[in-house]
Every structure is written in structure tokens, then in C-alpha cells.
Amino acid sequence: MREEQVDVLVTGAGLGGLSATMFLAQQGVRVLTIERHASTALHPRASGQSPRTMELFRWAGIDEEVLGVSKRASQGLRITIASSLGGQVFHSLLQDMAEIDLSAAAGTPWGMAGQEMVEPIMLARAEKSGADVRFSTTLTSFEQDGEGVTAVVEPPDGEPYRVRARYLVAADGGRSRIRERLGIETTGLGGIADSIGVVFEADLGDRMQPDVTDLYYLRNPSFTGALVNTDGPGRYVFGTDYHPERGETLADYPEERLVELIRLATDLPELRPEIRWAGAWEMAARIAREFRSGRVFLVGDAAKVTPPTGGMGGVTAVGDGHDLAWKLAAVLRGEAGPGLLDTYEAERRPIAQMVVDTSLHNAKERLKPELDLTGVGEPTDQIGIALGFRYRSSAVLADDDDPSPVENPNEPSGRAGFRAPHVPFGDGRSIVDLLGHGWVLLANGPGWHAAANDVSAAAGVAIACHEAGVDFADPERVFAARYGLDEGGASLVRPDGIVGWRRTAAVDDKAGPLWDAFGALLRR
């Protein structure tokens, strides 16, 4: 049996797997990704990109392309809880995206592209960067040892071969076989409801707003479900509950029954929708007890499964992939010690918990009032989760003991563990354009360039230094306030745009503290 050697083997080419693949390849890592399906997603599933996700996509060079395939992003978002499109409105959650002012929090916009639009863009960028992605290919077995992972994979022609990798990334979905083989259990409520998703095409007239993302949660006497438009003109996604516990199967929902339900949902009794696809899926809430086992890491739905109420599942998967990618790349290049990889679970699992808990509360409010949330954590502000989250791990040198998991991103503190605060340059660019490609030292005064150069030379790892008012414009003079820096202070930002360490006040010996901090963050 022939054998191939790579640095990282990724199983699964969904949002999490392609994110890890894309960012690993862009950092020169030899990555092979296998996917059991024949292509990327064919139908809309996870839709929407937070400004944080668009931040990551900007660093990947695909933000404009993602925005380009979803013109609705600039028009807004409307979320309504109702009995049907023309029936009783129980609650209007959001009427206009302009209600959410994030001008002080982010230099990137919201995106509204569906998963079926985003995945091909990520795939193309990954392959252009050198990734090898193989579809219709399955993982049949794997074993790990102290030096790596040996996997057996089966291609379309049925001639298995071995892949020897330093690390394995499991992005094989909510029913991850890799997670099961590792014996990693999950926690959470588990299955909440069973649903049938339907992609259909029809002329709904003025029932929905065509130029915005128009999402309806439907609590109808005949069904509970949802209806949303897509990037395709006249194409919609409809979901309805069904009940396997009562003996129902997908066969009990032939096309004529789905058509009748769509007519009830739209209040258009003569509507003749064209059903393009229908499939069953489970709404569930599960989080893996561990995100890592030796040299195997779980990302995306393999690590957590969340109800779709809130649209946070896909963006969390992308965040998982990016967080793990920069850390794996740093360890593979010898820049960081292997202890840096321990921070993946420490940083991403709390995010998963907030996402799942908040999505469950959304599900109760929007779809399932009867849902018992005993033992489920309190919801967290979704804007806080998206942009105001805080990482706590050995790759963050916190200078405070505030236990809050998030902060108001419109009032950033610049503390270690939070996103590097947004600062506009006045020319259409912002601080985000300086970040995302390595370690960056942002200085509020002179003298830090020399320190960064000295530490870079000694560590063998580049640190780009930028001084406010010298290397980047600060026309609104907000940099020092948003980063919590006095004159002469500086912040060290990690490759993922997270503040890892800061020296709030001036210090004579700049290289010494910077050297100590850098070594600690890299877990050497």
C-alpha cells in the first residue's frame, strides 16, 4: 500500500475544514484535505458572516468575493416570528440591520452569503495556496503515535493508501466518526427536534423582501418551522418539524405534502413551488468534552453542534479552523512549543458553550416555547460573542482579573485576550489591515521598533512594529483610548488579531519585557 506524507491531514471540507485548510496552506503548511461527498455544499445551510468572520476572510483575501456573492449583505436583515408570512406576527426581532451600530467595533461589514456560495470560494483560495483537496474520498482508519498520525483513506477508485501526517484535524461533522473512535463523549441537551429542510423556487410576490435577508420563524397551527430567502432570485429555504418518535419518516413527506406546507407558510393557496431538494436533519445541542486527543483536533460541528437559531454555527466553525491553523503552523515551523496547541481547546470550547447556550434560548423564544432549559447556561449577547469575546489561556497574558466572558465591542478595553480594537485610518483602511499575517506590536510612542527588531532576531520569529501617528494614521485620536495605553505603551497582537500582551505605560527597557512576553505566549 502506497504512503503519502503531509504536515496536516484534514477530514471534511465544510466551513471548519476548509477554513483550517485555507489558513494552513496560506502559511506554507503541507495540508491534504479529504471529503466523502463529491463536492462542496450544494444547498444553502449555514448562512451569514459576522464582522469577525469577514475580518478573517479579509486576511485570507476572500472578503470582497464573499460579499460579492451576497448582495443582500449591504441591504439588511429582518427577523420575524409569525404564524405565516401573511398571518399573525408574534414578535419582530429585527427590522433593519442599521439598528445594530458596530461602527466603533469593526472595520469589516456583515456578510450574508450562504454556505453553498462560500465554500467554493474558500476551496479555490486553499488550492491556489497549495492545498490538496480530494473529494469522494473517505477515512477508513487511523492510528496515532508520539510523532504523528497514520491514516488509511479510500479514493473514488477504491484503491486505499496510507497518509502519514504530523497532525489530524477532524472536521467530519456533528456525527463525527473520528470523535467516536477517540472515545470523546459529548455533553448538552442532545436532540431537540427533527426537521425537514426544503429548497424550493417560486414567485412569492411581495410576501418577502427580496433585497434583504428576510427570515421568518413560523409557529403555525399545522407545523413549526422557518422560511428564509437566499442569494438566488426566487429561491427559498423552508423547514418544518416532523416526528420520528411518532413513526414518521421522510417518506411521509412526499412533494405534494411539502407543497401544501409551503402554501400554508406563505398564505398562497395556489402557489406552485418547484421543489429542488428535501432532506431530514436533527436540531441538536452537543459539545465535545475534549477538543483534542493527542495529535487529533476537533473543529466545527465535530466539536460542537448548535441549534441554527442565531446563525452562529457556521461562523464558529470558521473561527475554530483559523484558531487551530495559526497555532499548528507556528508549532510545525518550530516557532512555538507544542504547549501552544493546548490553548486551542482552552480558547475555543468556552466560545462553543456560549454559542450553544445562547442558541438554545433563541430556540425557546423563536420556535419551541415548551423547551426545558433547566441546567442550560444563561444567554450571552450575540454581538458580544461575535466581537467582544475574550480568550483565556496560556497564550494570553492577562493584566486583570475580570471574569466577564465578553465586553461591549463598541467600548473596547484593549485588554489581553480581546480582539485588537478597531481604529479607522481615515482612508478606508483600519487597524485590521495591519493584522492577521503574523505578530504585530502596536506602539503609542517611540522606541518600540528597536525592541521588536531585537526580539525578532533573537527569537527567529518576525514581529512587525507600527507606531501610532507615524506608521499609521490616527485622525480621530482613538488608538490610545481603545487600546488602554498611556504615552509610551504598546500592545502585542497575535496572528489571529487577539491582544496577547500589553505594556500600558512607558518603560526604559522595552526589549526585556517584550522578550519575556513573547516567549511565554509561544509556550517555548
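Coordinate-derived values only; no laboratory data. No experiment lies behind these values; they were computed from the predicted model shown. Neighbour counts are summed over all protein chains in view; Cβ atoms, including those assigned to glycine, are modelled from backbone coordinates with ideal geometry.
Mind checking the full-extension length gain between Arg164 and Ala104? Use 0.36 nm per residue of separation minus the Cα-Cα distance, one decimal, nm.
Result: 17.0 nm gained on full extension.
Projecting the Cα atoms of Ser491, Ala505, Leu521 onto the charge dipole of the range 390-521 (Cβ charges, centred on the Cα centre) puts Leu521 farthest toward the positive pole.
Is any residue of the range 303-332 close enough, with backbone N under 11 Å, to a label point placed 7 angstrom from the Cα of Leu94 along the Cα-Cβ axis, and if so, which? Answer for this model: 310-312. Taking the longest Cα principal axis of the chain as reference, the axis of helix 115-128 is set at about 40 degrees. Relative to the longest principal axis of the Cα atoms of the chain, the long axis of helix 448-459 makes an angle of roughly 80 degrees.
Note on Ala462 and Asp206: their simple-model spin labels are 5.7 nm apart, each label 7 Å out from Cα toward Cβ.
Going by average Cβ density within 10 Å per residue, which order do the peptides 444-451, 111-118 take, highest to lowest?
111-118, 444-451
Each 10 Å bin, from zero up to the one with the longest distance, holds this percent of the alpha carbon pairs of the range 190-284: 15, 52, 27, 5, 0.
The Stokes-Einstein estimate for the range 381-455, based on a Kirkwood radius over Cα pairs and taken at 20 °C with 1.002 mPa s viscosity, is a diffusion coefficient of 150 µm²/s. Per-residue 3J(HN,Hα) values for the range 44-51, derived from phi via the Karplus relation 6.51 cos²θ - 1.76 cosθ + 1.60 with θ = phi - 60°, read x, 10, 5, 10, x, 10, 6, x Hz in sequence order (x marks Gly and Pro). Restricting the range 355-392 to trypsin sites (Lys or Arg not before Pro) that sit in a DSSP loop and have at most 16 other Cβ atoms within 10 Å of their own Cβ leaves Arg392. Database remark: amide H of Leu441 closer than 5 angstrom to the amide H of Ala464, Cys465, His466, Val493 (H placed geometrically; neighbours at sequence offset of 5 or more, or on other chains; Pro and chain starts carry no H).
About the Cα centre of the chain, what is the dipole size in debye to 20, counting +1 per Lys and Arg Cβ and -1 per Asp and Glu Cβ, all else neutral?
So the dipole magnitude of the chain works out to roughly 780 debye.
Projecting label points 7 angstrom from Cα along Cα→Cβ for Glu185 and Glu64 puts them 5.1 nm apart. Considering only Phe200, Ile178, Gly148, the residue lying farthest towards the positive end of the dipole of the range 127-222 is Gly148, judged by Cα position with unit charges set on Cβ. Taking only Cα atoms, what is the 0 to 90° angle, nearest 10, from helix 255-266's long axis to the longest principal axis of the chain? That works out to roughly 70 degrees. Helical runs assigned H by DSSP (4 residues or longer) give the chain a calculated mean residue ellipticity at 222 nm of -8000 deg cm²/dmol, each run adding -39500 (n - 2.57) before division by the residue total.
Start at zero, step by 5 Å, and the Cα-Cα distances of the range 390-521 spread as 2, 11, 23, 25, 22, 12, 5, 1 percent across the bins. Remark: the Asp372-His437 segment gains 19.0 nm on full extension, using 0.36 nm per residue and subtracting the alpha carbon distance.
For the peptides 130-138, 158-166, the ranking by mean Cβ contacts within 10 Å, running from highest to lowest, is 130-138, 158-166.
Here the dipole of the range 64-190 is about 120 debye; that uses its Cα centre as origin and unit charges on the Cβ of Lys and Arg (positive) and Asp and Glu (negative).
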